[in-house]
1. For region 292-318, name all the residues that are farther than 18 Å from Met389 by Cβ, assigned to a loop (DSSP other than H, G, I, E, B) and of a type in the set (D, E, K, R).
2. Just the residues that are surrounded by 14 or more Cβ atoms within 10 Å (Cβ to Cβ) and assigned to a loop (DSSP other than H, G, I, E, B), please, taken from region 273-291.
3. Between a residue in region 105-121 that is without any contact (Cβ under 8 Å) to a residue 60 or more places away in the chain and among the hydroxyl-bearing types (Ser, Thr, Tyr) and any residue that is in a strand (DSSP E or B) and away from the ligand (no atom under 11 Å from the Cβ), which pairs come within a Cβ distance under 6 Å, given they are 6 or more apart or on different chains?
4. Of all residues in region 90-106, which are at negative phi and within 15 Å of the ligand (Cβ to nearest atom)?
5. Just the residues that are farther than 14 Å from Leu353 by Cβ and either acidic (Asp, Glu) or touching a residue at least 12 places away in the same chain (Cβ under 8 Å) (or both), please, taken from region 330-342.
6. Being under 17 Å from Val287 (Cβ atoms) and basic (Lys, Arg), is that true of even one residue in region 203-225?
7. Conditions first: (1) touching a residue at least 40 places away in the same chain (Cβ under 8 Å); (2) not in a strand (DSSP E or B). Asp205 passes all but one, so which condition is the exception?
8. Listed residues Ala31, Ala18, Ala36, Ala23; which is at pLDDT below 80, over 24 Å from Val141 (Cβ atoms) and in a helix (DSSP H, G or I)?
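The values are calculated or read from the model by the stated rules, or taken from the named source; none is laboratory data. A quick note: this is a predicted structure, and the numbers were derived from the prediction, not measured. No Cβ is skipped: glycine too gets one built from the backbone with ideal geometry, and neighbour counts run over all protein chains shown.
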Amino acid sequence: MAKKVTGKTKVKSKSKAAAKKVAKLKAKKPAAKKAANGLPKPSTKPYGQAGKALEGVRILDFSHVQAGPTCTQLLAYMGADVIKVERPGVGDITRGQLRDVKGADSLYFTMLNGNKRSITIDSKHPKGKEILERLIKHCDVLVENFAPGTLDRMGLTWEYIHKTNPRMIVASVKGFGPGPYEDCKVYENIAQCAGGAASTTGFRDGPPLVTGAQIGDSGTGLHLAFGIVSALYQRIRTGRGQRVLCAMQDGVLNLARVKLRDQQRLAHGPLTEYGQHGEGIPFGPAVPRAGNDSGGGQPGWILKCKGWENDPDAYIYFITQAPVWGAICDLIGKPDWKTDPDYAAPPARLPRLRHIFNTIEQWTMTKTKFEVMDICNAVDIPVGPILSMKEIAEEPSLRKTGTVVEVDHPKRGKYLTVGNPVKMSDSITDVRRAPLLGEHTEEILAKELGYSAAEIAEIKTSGAITAPEKGARAEAA
Ligand code: CAO
């Protein structure tokens, strides 16, 4: 069982005596805990007090930048012990990128590495390799998103890892899956472009656009987390680890699947719910950019609200959902549209969407986005205000649910981060600050890997966990 040591940091004892004790307990416990059907009896502890979903799972986290760290932060939120391995004196490159506070780890880093522990190891140093071997034996999952071939060059091939710990799951993010581009380095926007998102985002008469949401990095990290949890579940049956690969192109395509749906529909005629159909503009061979058209079967558009002249976010997304068409007509002062054959039924409205939304906008422009929200929701019309990041940061309900969390950091002070977006009734997330570079190196060497004080002193002088020379610390741009 995890043992509380200081504050909120939990560590596992790895001494031989403790291991024996645990083995003894394990040998006795199942019989007492199992119900007649062979499954564990439901815990009698109150909900939220029976540990966390992934408690006991140990992650060897080699990830950097965003895609991998998103994944391992989610696993840490779910209770996994995430040990982040970083290069001595350098660390994850994002520690120094887009810095807002001099001398402190950036928000880029701190918002992606909460609830983790940091150990510095030079993976190319012989002693570093030895420490890594112990970590591989100790952990359940290795997560990495290095450029293709990097892990192999460190000597950490699948064959070596699998031989060292047959139960280990090796989870990787790469830009592309096997094929012509498998050796390419990839960043967020490249994935958005290669996964079909950019060509279908933006306005028809403008260039392809990337979105602010990091669907290439964070989206792929999310997919990888799902793969890891599935592999952990399968391992219960098979007893062996496996490789889990998420290509960023595949992750983006999975999120853009409705556009591949539309690509196939094009073979059978125009996409009638796209605004361009109503405007009489013919479709080309590929799915076009659809501006703010709804991606589903209920037409929608972004409309101006009161104050739009000065506030770039005074807009609302308005959906003309068929079942509430009558309520929409009443609200905007067009009750005759309820029976007018040009407007009464959804197919009749499709060629007139531009005119319909212009008319609705005349009404929304007389109200603030929050007034539109209140009035429309009272009669079940689906609308959504365009919320600025400022409004989201200040929204009390998001603070209350733990989706936006304020944490304290010894070097940068208080900062906001995004908590666990998945809420579970029996696995409650407590968000903790990101670790300093190598903050837990000695703790992990001693308590997890069983190194003695003398051995640790020797490791320190070997150069395996410290920066090679003073002044070599990289300050990333
Ligand atoms: N000790 C010693 N060396 C270490 C180390 C450690 N603890 N950690 C990393 N390194 C070394 C690697 O061995 C590698 O060196 P070599 O190339 O000499 O073998 C070097 O650091 C750089 O690693 P990298 O190749 O992953 O990084 P990069 O800056 O060249 O590329 C990126 C960055 C993101 C483009 C690339 O990692 C990539 O394509 N990853 C896969 C796709 C991905 O995840 N993209 C998302 C990026 S944003 O989330």
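1. If the condition is that a residue be farther than 18 Å from Met389 by Cβ, assigned to a loop (DSSP other than H, G, I, E, B) and of a type in the set (D, E, K, R), then Asp293, Lys306, Glu309 are the ones that fit.
2. Glu273, Tyr274, Ile281, Phe283, Val287, Pro288, Arg289, Ala290, Gly291
3. If the second residue must be in a strand (DSSP E or B) and away from the ligand (no atom under 11 Å from the Cβ), no pairs are left.
4. Val90, Asp92, Ile93, Thr94, Arg95, Gly96, Gln97, Ser106, listed by residue number.
5. Across region 330-342, the qualifying residues are Asp330, Leu331, Ile332, Gly333, Lys334, Asp336, Lys338, Asp340.
6. Yes, the conditions are met somewhere in region 203-225.
7. If we test Asp205 against (1) touching a residue at least 40 places away in the same chain (Cβ under 8 Å); (2) not in a strand (DSSP E or B), just (1) comes out false.
8. Ala31
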